[in-house]
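Visitor: Sharing a structure here in structure tokens format.
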Amino acid sequence: MNLINVLLFVLFTGFVFSQPQPSVDFFKADIDILPDPDFKRINGKVTYSFKVLNKTDSVFLDAKNMDFSSVLLNGKKVRNANTKEKIVFYKKLKADKTYKLTLAYSTIPEQTVYFLGWEDSIPHNNQIWTQGQGKYTSHWLPSFDDMNEKVEFDLSLTFDKEYEIIANGRLKDTLTKDSLRTWFFDMNKPMSSYLLAFAIGNYNSKKFTTKIGIPLELYYYPGDSLKEEPTYRYSSQILDFLSDEIGIPYPWQNYKQIPVRDFLYAGMENTGTTIFSDGFVIDSIAFVDKNYVNVNAHEMAHQWFGNLVTEKDGNHHWLHEGFATYYALLAEKKLFGEDYFYWKLYESAKQLQKLSNQGKGEALTDPKASSLTFYEKGAWALHILRTMLGDTAFKEGIQSYLNKYQYSNVTISDFITEMQKASGLDLLKFEQTWLKSTQFPFDEVKTFLASSSDDLQTFFDLQWELTSSNTNNEELIKKVWDNNSSPRIKENIILDYHKSLSESFLKNAFTTEDLKTRQALCITTERIPSGLKIQFESLLQDKSYITIENALYRLWISYPNDRIAYLERTKGVIGLPNKNVRLLWLFLAVLTKDYLNDVEKADYTEELFGYTSAEYSFEVRQNAFSVLAEVFPLSDQNLLDLINASVHHSWQFRNFARSLIERLLKDDKQKERFLKLSKELKGKELRYIQSKLEVK
Ligand SMILES: [Zn+2]
């Protein structure tokens, strides 16, 4: 998975250790699924082949809240018990024999399968998709919450033929009958249940093979053909780079990527079938602000680290997230250069130092560690290990680790053993400092960075001089600024030292063409002095939506007489997928005196207030609620949308909505409105708002 939300996943779901079942080995599953969007139901049938390793008289599968219409062992009825958590069947089974278990079932998944857009009348926005990790595939398929059970899952899905269906493996065949089509997918290697996935929606795709011959399928919404290139930029280079860098060929038949709406994370590395947030579907201007490159590389790296070799349990989570983060960083180094790589390592080191200094540092072997530790400290640990071992021994160790444990499960000590063998080094001290200690060795890391990057050496020297010398800060900074062409040094100088820089220095700094440095100049200034007005106005033309948003807001606040001109210059700009520029623009336009006539004002107000509706992504809705709640009274429809948001499947959006509701309920008038509106509600929404209205 990638970053967003992972902290909560780790805290609440990652470490409910599932029961192992050592007496049997499930090795093959043939699955037929019929999703029913009208009732948000999954109807299915699965036949598992399994081998008995030690004689036993009962076997179970995890199956949440399922109804079984038949349970057959080798085609015959078998005594069973459905606990609504598991399906257990009872039969004396002899060792070394192979059996077939067939289950027909139906369920309305509480989680793991998400049905979106089926209740509204908007065409082409219907989707169904899954999220297995942290949510448990056993909510839609009787399967195994224990990651150690690896099965070759062959999935067939039957659905309305107008839709595109994507699942793990190679699409072997399709069969169309009237309005229905069955898609037959074929896997040829085993994986853990949490990596099983499917997505259903309206998609076009670009299919091709990479230079080294890996079939790649990149999906996009039919209206997004111009966004396909910037969204998926470098995809095939990254996949080829990773295969070469890791030194073990890509382990699966193909690689597919599917954006979906309101996804729970940034991305999820289902085997060969990454599902990711459509908030990364961007145009080429947004590329500088928010691109998919890092998440793209991260999920690809998981295809080896996590999918090919899988942790035995949460104690070994470093082997997934640290590795995916590190290899994604290596891919970015290949694409964007060494400076980019070392500045990014420096950024994460600063965050880790902060955590460590607050006494909140965490060990990588702690299954409850935060995402910052698993991802960023995890990547640092690997980079230090690589530096200790040298490229050759490091790569040799990685390869023997992957070869030895392919399609099975691993522990951190399995990995360390292979690295020791490859290098001949004793890694005890490494393990102590980097895996077991809760501290982050910032000084050691800084020395290391300075010796690796001239850029960072220069920057650290400047930091040191500024804290230790009596000379005027700006003189010291100017010397570095003038003698250095590195845009990252300039950007960081502005971010860290803008307060000690004069207007004339800043004015000169604006002559840089580097978009990130210009953005730093923009966001570090609240009120724009008249001497920098022209410079700030030029930012409205920059190819960055974050810069345009911040510049527009600051100019509008600082120069009331020019508001209309600024709005005219940014009219029609939508911005990032969360519509950052458009929402701000509408907000400012409605508030600007003498800008709009009555009809325009009504239209724009309607548009602005409309963005809280469930027909938009939660990023847009959250942005709209934030903008509206500050200044305008929310309409009844906004309040209904807010209640709807309070039971959304994305926890961060749900929490945002709930805290806004709580804030509004403090006002008796608002409470009265909620009470009145609650009469129109039912189900989860009604239950939630009632629970809030009852609290005194
Ligand atoms: Zn990940």
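Visitor: Please go through the stretch 535-555 and pick out each residue that is over 20 Å from S284 (Cα atoms) and of a type outside the set (A, V, I, L, M).
Guide: Those that are over 20 Å from S284 (Cα atoms) and of a type outside the set (A, V, I, L, M): Q535, F536, E537, Y553, R554.
Visitor: Output the residue which, of all residues in the stretch 549-607 that are polar (S, T, N, Q) and free of Cβ contacts under 8 Å to residues at least 24 places away in the same chain, is surrounded by the fewest Cβ atoms within 10 Å (Cβ to Cβ).
Guide: Selected residue: N561.
Visitor: Can you give me the ranges of the strands (runs of 3 or more DSSP E) entirely in the stretch 193-295 with at least 1 residues that are more than 30 Å from P142 (Cβ to Cβ) and in contact (Cβ under 8 Å) with a residue 12 or more places away in the chain?
Guide: Output list reads 204-209, 215-220.
Visitor: Right, something else. Looking only at the stretch 193-219, filter to residues that are hydroxyl-bearing (S, T, Y) and surrounded by fewer than 17 Cβ atoms within 10 Å (Cβ to Cβ); which one of those is nearest to Y255 (Cα to Cα)?
Guide: In the first step, residues of the stretch 193-219 are kept if they are hydroxyl-bearing (S, T, Y); the result is 193-194, 203, 205, 209-210, 219.
Now drop any that are not surrounded by fewer than 17 Cβ atoms within 10 Å (Cβ to Cβ), which leaves 205, 209.
Numbers: S205: 12, T209: 10 Å.
Taking the candidates together, the pick is T209.
Visitor: Now for a separate question. Does any residue of the stretch 350-364 turn out to be closer than 23 Å to I246 by Cβ and either surrounded by 17 or more Cβ atoms within 10 Å (Cβ to Cβ) or under 21 Å from the mean Cα position of the chain (by Cα) (or both)? Full working, then the answer.
Guide: Step one: of the stretch 350-364, the residues closer than 23 Å to I246 by Cβ are 364.
Imposing the further condition that a residue be either surrounded by 17 or more Cβ atoms within 10 Å (Cβ to Cβ) or under 21 Å from the mean Cα position of the chain (by Cα) (or both) reduces the set to 364.
Checking the stretch 350-364: at least one residue is closer than 23 Å to I246 by Cβ and either surrounded by 17 or more Cβ atoms within 10 Å (Cβ to Cβ) or under 21 Å from the mean Cα position of the chain (by Cα) (or both).
Here's the yes/no breakdown for (1) more than 16 Å from I416 (Cα to Cα); (2) more than 16 Å from the ligand (Cβ to nearest atom); (3) in contact (Cβ under 8 Å) with a residue 60 or more places away in the chain; (4) in a helix (DSSP H, G or I):
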position: N315; (1), (2), (3), (4): no, yes, yes, yes
position: E321; (1), (2), (3), (4): yes, no, yes, yes
position: A328; (1), (2), (3), (4): yes, no, no, yes
position: A331; (1), (2), (3), (4): yes, no, yes, yes
position: Y342; (1), (2), (3), (4): yes, yes, yes, yes
position: Y346; (1), (2), (3), (4): yes, yes, yes, yes
position: L355; (1), (2), (3), (4): yes, yes, yes, yes
position: E376; (1), (2), (3), (4): yes, no, no, yes
position: M388; (1), (2), (3), (4): no, yes, no, yes
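Visitor: Same structure again: Taking T392 as the residue in question, decide whether it is away from the ligand (no atom under 16 Å from the Cβ) and either free of Cβ contacts under 8 Å to residues at least 60 places away in the same chain or not in a helix (DSSP H, G or I) (or both). Explain how you work it out, then say what you get.
Guide: Numbers: away from the ligand (no atom under 16 Å from the Cβ): yes; either free of Cβ contacts under 8 Å to residues at least 60 places away in the same chain or not in a helix (DSSP H, G or I) (or both): yes.
Judged against the criteria, T392 is a match.
Visitor: Return yes when D30 is in a loop (DSSP other than H, G, I, E, B) and of a type outside the set (K, R) and no when it is not.
Guide: Working: in a loop (DSSP other than H, G, I, E, B): no; of a type outside the set (K, R): yes.
Taking the combined requirement at face value, the residue does not satisfy it.
Visitor: While we're here: Considering P190, P251, P222, which residue is within 29 Å of K395 (Cα to Cα) and either touching a strand residue (DSSP E or B) at 6+ places or on another chain (Cβ under 6 Å) or crowded, with 22+ Cβ neighbours inside 10 Å (or both)?
Guide: P190
Visitor: Among (1) out of contact with any helix residue (DSSP H, G or I) (no Cβ under 6 Å at 6 or more places or on another chain); (2) of a type outside the set (F, W, Y); (3) under 20 Å from W304 (Cβ atoms), there is one condition M419 misses while meeting the rest; what is its number?
Guide: (1)
Visitor: Please find, within the stretch 81-134, the residue that is surrounded by the most Cβ atoms within 10 Å (Cβ to Cβ) out of those that are among the aromatic types (F, W, Y) and in a strand (DSSP E or B).
Guide: W129
Rundown of residues vs (1) touching a strand residue (DSSP E or B) at 6+ places or on another chain (Cβ under 6 Å); (2) more than 16 Å from the ligand (Cβ to nearest atom); (3) under 27 Å from Q127 (Cα atoms); (4) basic (K, R), yes/no style:
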site: S235; (1), (2), (3), (4): no, yes, yes, no
site: D244; (1), (2), (3), (4): no, yes, no, no
site: R261; (1), (2), (3), (4): yes, yes, yes, yes
site: Y265; (1), (2), (3), (4): no, no, yes, no
site: M268; (1), (2), (3), (4): yes, no, yes, no
site: S277; (1), (2), (3), (4): no, no, yes, no
site: S284; (1), (2), (3), (4): no, yes, yes, no
site: F305; (1), (2), (3), (4): no, no, no, no
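Read-outs: derived from the displayed coordinates by stated rules, not from any lab. Since we're looking at a predicted model, the values are computed, not measured. So basically every Cβ, Gly included, is an ideal-geometry build from the backbone, and we count neighbours across all protein chains shown.
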